[in-house]
1. Condition check: in contact with a helix residue (DSSP H, G or I) (Cβ under 6 Å, 6 or more places away or on another chain), open to solvent by 70 Å² or more (accessible area, probe 1.4 Å) and not polar (S, T, N, Q). Does residue 50 satisfy that?
2. Do any helices (runs of 4 or more DSSP H) entirely within the range 13-123 hold 1 or more residues that are of a type in the set (Val, Ile, Thr) and without any contact (Cβ under 8 Å) to a residue 24 or more places away in the chain, and if so, which?
3. For the range 98-125, which residues satisfy the criterion of being over 26 Å from residue 62 (Cα atoms) and either buried (at least 17 other Cβ atoms within 10 Å of the Cβ) or hydrophobic (A, V, I, L, M, F, W, C) (or both)?
4. Can residue 95 be described as open to solvent by 100 Å² or more (accessible area, probe 1.4 Å), of a type outside the set (A, V, I, L, M) and either in contact with a Phe, Trp or Tyr (Cβ under 8 Å, 6 or more places away or on another chain) or modelled with pLDDT under 90 (or both)?
5. Mind telling me which of the residues 88, 16 ends up being out of contact with any Gly (no Cβ under 8 Å at 6 or more places or on another chain), surrounded by 13 or more Cβ atoms within 10 Å (Cβ to Cβ) and over 29 Å from residue 121 (Cβ atoms)?
Amino acid sequence: MIKRIEKNLHEVYTLGQHIRMSAHKARRVIDQIRGRSYEETLMILELMPYRACYPIFKLVYSAAANASHNRGFKEANLVINKAQVNEGTASKRLKPRARGRSYLIKRPTCHITIVLKDISFSEKNMKNFSCAQKNLD
């Protein structure tokens, strides 16, 4: 399930919940894309050999689609501002074993949050801030 959370005017949040994968394995991929541009992230995720790349790719792509459609941001200006992985609930299954015993199998899930930021707004704000500083001096 993918949820979209919007808090800041220059950021777009996308949350993927109950993704059937270990949080440790997803963090291995998330650590590679944190702080990179949107286009560079898509190339990295397509070329990495891990199974965790596909759901993360879908989340990043969905966040960019939300940013361009709902906010009118350009995809060339998007940067991954925050990316985090939290552990979700573990679904528990019983596997039958010899002599009528059972063995517990835990299938972990994780929640992935991707935050895209439009850097064009921060550049405009920095220019305005530097002009204001010059006027104060």
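The values are calculated or read from the model by the stated rules, or taken from the named source; none is laboratory data. Everything numeric in this text was worked out from a predicted model, so none of it was measured. Here the Cβ positions follow ideal geometry from the backbone for every residue, glycine too, while neighbour counts run over all protein chains shown. Heavy atoms of the whole protein, side chains included, go into the accessibility calculation; ligands, DNA and RNA do not. Shrake-Rupley method; radii C 1.70, N 1.55, O 1.52, S 1.80 Å.
1. Spelling it out, residue 50 is indeed in contact with a helix residue (DSSP H, G or I) (Cβ under 6 Å, 6 or more places away or on another chain), open to solvent by 70 Å² or more (accessible area, probe 1.4 Å) and not polar (S, T, N, Q).
2. 38-47
3. Residues satisfying the conditions are 98, 104, 105.
4. Taking the combined requirement at face value, the residue does not satisfy it.
5. The conditions single out 88.
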